[in-house]
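Have a look at the structure below before the remarks.
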């Protein structure tokens, strides 16, 4: 089959089609994740002549020098027909001179290698039941000598600048637009930050996934220098 259908920019109106495409490839139907990406990143797709999407891919930008590619999906009935390569070539062209990174599955890795990507590291995901150890509310003295019953609270819009400031060295690039979108989609994400947002020292964001809750990233600055990040996944019963 020759793919003459144009590649077009996707938007919020394409949410259901993106979810259906994900389910077709046995990916979870992560509505909140797709909502965020369709609003904050650049999603592109090709329409299926019979309805829905034949393929999709998402480009995320972190300033002018760094970009990411994700959610690379081709409908199962159109696999191995060159559509994935066409989408990838298109999105790499859109990225311009930026360095592009992605997280590859074993299924997609051969295509990415043919396009010039090389492995620089590995990523692992762990899932299971999260069983925290109960502990009493902290009544200690906060950093700086201020007393307070709660050292951790829900983040507010006015905390955004502080969150972006501590996220940038942890991630290695500016993703302020994503953090801003997290606040704009409060039903999808709840940010948590340390007490006294002006000098915030830790922040995490909790996003609903299916069938789990994923907490990422946890960013902590120790003595103003060391940065530690981790990801926790909480499965729901």
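The values are calculated or read from the model by the stated rules, or taken from the named source; none is laboratory data. These numbers were taken from a predicted model, which means no experiment stands behind them. We place every Cβ from the backbone using ideal geometry, glycine too, and count neighbours over all the protein chains shown.
I'd like to verify a number: residues in the range 72-91 that are surrounded by 18 or more Cβ atoms within 10 Å (Cβ to Cβ) and closer than 12 Å to residue 42 by Cβ, how many?
Total satisfying the criteria: 1.
Could you please tell me which pairs satisfy a Cβ distance under 6 Å, a separation of 6+ or placement on different chains, a first residue in the range 123-138 that is within 30 Å of residue 102 (Cα to Cα) and outside the structural domain of residue 109 (by TED's automatic domain parsing), and a second residue that is surrounded by 10 or more Cβ atoms within 10 Å (Cβ to Cβ) and modelled with pLDDT of 70 or more?
So the pair list comes out as 123/103.
Are there any pairs with C-beta distances below 7 angstrom linking a residue in the range 22-40 that is free of Cβ contacts under 8 Å to residues at least 40 places away in the same chain to a residue that is part of a loop (DSSP other than H, G, I, E, B), with the two at least 6 apart or on different chains, and if so which?
So the pair list comes out as 23/29; 38/11.
Can residue 156 be described as modelled with pLDDT of 75 or more and closer than 26 Å to residue 63 by Cα?
Criteria not met by residue 156.
Hey, residue 11 hits all of (1) surrounded by 16 or more Cβ atoms within 10 Å (Cβ to Cβ); (2) free of Cβ contacts under 8 Å to residues at least 40 places away in the same chain but one; which does it fall short on?
(1) is the only condition that residue 11 fails.
Kindly check whether there is at least one residue in the range 50-71 that is loosely packed, with under 13 Cβ neighbours inside 10 Å and under 25 Å from residue 114 (Cβ atoms).
So far as the range 50-71 goes, yes, one or more of its residues are loosely packed, with under 13 Cβ neighbours inside 10 Å and under 25 Å from residue 114 (Cβ atoms).
With respect to residue 161, determine if the residue is surrounded by fewer than 16 Cβ atoms within 10 Å (Cβ to Cβ), modelled with pLDDT of 75 or more and in a loop (DSSP other than H, G, I, E, B).
No, not satisfied.
Restricting the search to the range 86-111, which residues are part of a loop (DSSP other than H, G, I, E, B) and within 12 Å of residue 57 (Cβ to Cβ)?
108
Which one of these does residue 81 not meet: (1) out of contact with any helix residue (DSSP H, G or I) (no Cβ under 8 Å at 6 or more places or on another chain); (2) under 26 Å from residue 171 (Cβ atoms); (3) not in a strand (DSSP E or B)?
Of (1) out of contact with any helix residue (DSSP H, G or I) (no Cβ under 8 Å at 6 or more places or on another chain); (2) under 26 Å from residue 171 (Cβ atoms); (3) not in a strand (DSSP E or B), only one is false for residue 81: (2).
Touching a strand residue (DSSP E or B) at 6+ places or on another chain (Cβ under 7 Å) and surrounded by fewer than 19 Cβ atoms within 10 Å (Cβ to Cβ): which single residue out of 31, 42, 113, 26 fits that description?
Result: 42 is the single residue among 31, 42, 113, 26 that is touching a strand residue (DSSP E or B) at 6+ places or on another chain (Cβ under 7 Å) and surrounded by fewer than 19 Cβ atoms within 10 Å (Cβ to Cβ).
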